[in-house]
1. Restricting to segment 197-214, and then to whatever is touching a strand residue (DSSP E or B) at 6+ places or on another chain (Cβ under 6 Å) and among the hydrophobic types (A, V, I, L, M, F, W, C), can you tell me which residue is surrounded by the fewest Cβ atoms within 10 Å (Cβ to Cβ)?
2. Give Leu151, Leu146 a once-over and let me know the one that is hydrophobic (A, V, I, L, M, F, W, C), surrounded by fewer than 19 Cβ atoms within 10 Å (Cβ to Cβ) and touching a residue at least 40 places away in the same chain (Cβ under 8 Å).
3. How many residues does segment 57-66 hold that are crowded, with 18+ Cβ neighbours inside 10 Å, touching a residue at least 12 places away in the same chain (Cβ under 8 Å) and assigned to a helix (DSSP H, G or I)?
4. Name the residues in segment 97-115 that are under 12 Å from Leu135 (Cα atoms) and assigned to a helix (DSSP H, G or I), would you?
5. Can you tell me which of Gly191, Gly197 is at pLDDT below 95, touching a Lys or Arg at 6+ places or on another chain (Cβ under 8 Å) and either not in a helix (DSSP H, G or I) or not charged (D, E, K, R) (or both)?
6. Checking Leu297 against (1) modelled with pLDDT of 80 or more; (2) outside the structural domain of Ser140 (by TED's automatic domain parsing); (3) outside any helix (DSSP H, G or I), which single condition isn't satisfied?
7. Any residue in segment 308-329 that is in the same structural domain as Tyr274 (by TED's automatic domain parsing) and exposed (fewer than 15 other Cβ atoms within 10 Å of the Cβ) sitting within a Cβ distance under 8 Å of a residue that is modelled with pLDDT of 65 or more and in a loop (DSSP other than H, G, I, E, B)? List the pairs, counting only those 6 or more apart or interchain.
8. Tell me, yes or no, whether segment 70-77 has at least one residue that is touching a residue at least 24 places away in the same chain (Cβ under 8 Å) and either surrounded by 16 or more Cβ atoms within 10 Å (Cβ to Cβ) or not assigned by TED's automatic domain parsing to the domain that holds Leu41 (or both).
Amino acid sequence: MITIKQEAGSEDTAVVAPVKPMSDPITGPIESFDDSGDLILVVGKTKVNFSVCSRSFARPSTPWKARLHGPSAEPKVGEGVHPWVIRLPEDNPEALRIILQATHSRLSDVPKFLTREILFHLTVFYDKYGTVELLKPFWSGWIAKLPKPTLEPTDFVQQVWISHKLGDLKSYKEILLEFLYSAQKRPGYNGRLFLEGHPDVDLYQDPYLQQLGLPESWEIRRMRMMLHIENILRMSLNNLSNPKNTMCRSRSMNPDWRLTCDCAMLGGVHRALYDKSWYSSGMPNWEKQVTISVRQLVTKMEGIRTAAIGESRMRRNQGGAHKTCTPWEPFELADVLRMCPMQNLGPLVEAVFEKQAEKSGLDVPVLYSTVNPFGTGKGRFPL
C-alpha cells in the first residue's frame, strides 16, 4: 500500500489511495530524448526504455493527447525511482524510436533508409495513433528506396499494408497483380487462401489483411480471372461439338476432312482434360475445385491446347494443311489480364488512395532524402 498525501478543502487530511506497484521493474539502459523527460516508455517484447517529454510525444497524436493530458487522462503509474511509466508491449521499438526522433525535433537522426519491416511497423503505429503527417516529409523517400517485394507471406502482407495506408496506388496495383497470378486455394468455398509455395500460411487468418477487408475481395477478383479462362475452354468445346461450326483452318474443300480435324481436336481436349484429372466425373466446379493459381492454370491450358493439336495431326496424313488448326488461340497471363482487367480498382477505391496519399505526402512530386526536410540550401534536395 502506497500512501499519497493530498489537500482536501481546508482540512489537512491524508487520503490513502491503493496503487498497485509494478511487479516488473524497469531494467536495462534508458535512451533519453529530452533532458527534462517526464515519461518512461517501455516498448516491445524486448522492453526497450525511452525517456521522453510527454507533451512533445503527445502533440501530433490526438489519442495520446487524451491519454496523457486530456480530461480523462490515465493516472500516472510509477516504477521505482521513475514517477511515470507506460508500457507498450505490442509496439515496435525501432519504429517508435523514429517517431520520438521526429516529435523531439531530432530530425538529423531520422534514418534515410528503412527496411520494409520497420516501415510496416511505422504505418501500424500511425494507424493506431494518427501520426501520419508527423513523418510526411519522409514517407516518399522511404518508399522509393524499398526493394521490390517478394511473395514470401510476411513480405507480401507488409507491402500490401504499407501501400494501402500510405496511398501508394502504383505499388498496391503491382502487388495485387502478383496475388492474382499466384494465389492458390484449398478445395471448397471456405478453403484456405495462400500464395504459391506457402500452403501453410492462410491469408484469411492474417489480421492486417482482414482489417483491410482484402482476402474476400481479392479472392473474388482471382475467381473472375479463373472463370474467364474457363469460358475459353467451354466455348471451344461447344464450338468443336457443334456440327454447324468449323474450327478447322485448312483450305480443304472436303467437309469430311474438316469435320475429322474438328473431332480430333475435340477428342484431344477431352483426353487432355482426363489426363489432368479434370474429366473423371465431368467438367470441374471451378469455384470449388480449381485450386491452382492463375499462372499455373494458364500453363495447364496451353498443355491441353497443345495436346489437342497433337491429337489432330497424329491422326492425319495431311498435317501440313492443318498446321494452324487450334481449339483456341494461345494466350498468356498478360492476355488474360487485358481481357479481364481485375487490377482496376474503380474510382471510389482510387479516391481513397488519393486521400491517403495527400495525408502521407506521396502526392508531392518532390521526394526528399535529407536529414532536415524543413531546411534550405544544402539541407534540402530532390532525389
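The values are calculated or read from the model by the stated rules, or taken from the named source; none is laboratory data. None of the values given here were measured: they were computed from a predicted structure. Ideal geometry is used to build each Cβ from the backbone, glycine not excepted, and the neighbour counts take in all protein chains shown.
1. Val201
2. Details: Leu146 fails: touching a residue at least 40 places away in the same chain (Cβ under 8 Å).
Answer to the selection: Leu151.
3. 2
4. Ile98, Ile99, Leu100, Gln101, Ala102, Thr103, Leu107, listed by residue number.
5. Details: Gly197 fails: touching a Lys or Arg at 6+ places or on another chain (Cβ under 8 Å).
Being at pLDDT below 95, touching a Lys or Arg at 6+ places or on another chain (Cβ under 8 Å) and either not in a helix (DSSP H, G or I) or not charged (D, E, K, R) (or both) holds for just one of Gly191, Gly197, which is Gly191.
6. Looking at each condition in turn, Leu297 falls short on (3).
7. Going by the 8 Å Cβ cut-off, the qualifying pairs are Gln318/Ser250; Gln318/Ser252; Thr324/Arg249.
8. No, there is no match, as no residue in segment 70-77 is touching a residue at least 24 places away in the same chain (Cβ under 8 Å) and either surrounded by 16 or more Cβ atoms within 10 Å (Cβ to Cβ) or not assigned by TED's automatic domain parsing to the domain that holds Leu41 (or both).
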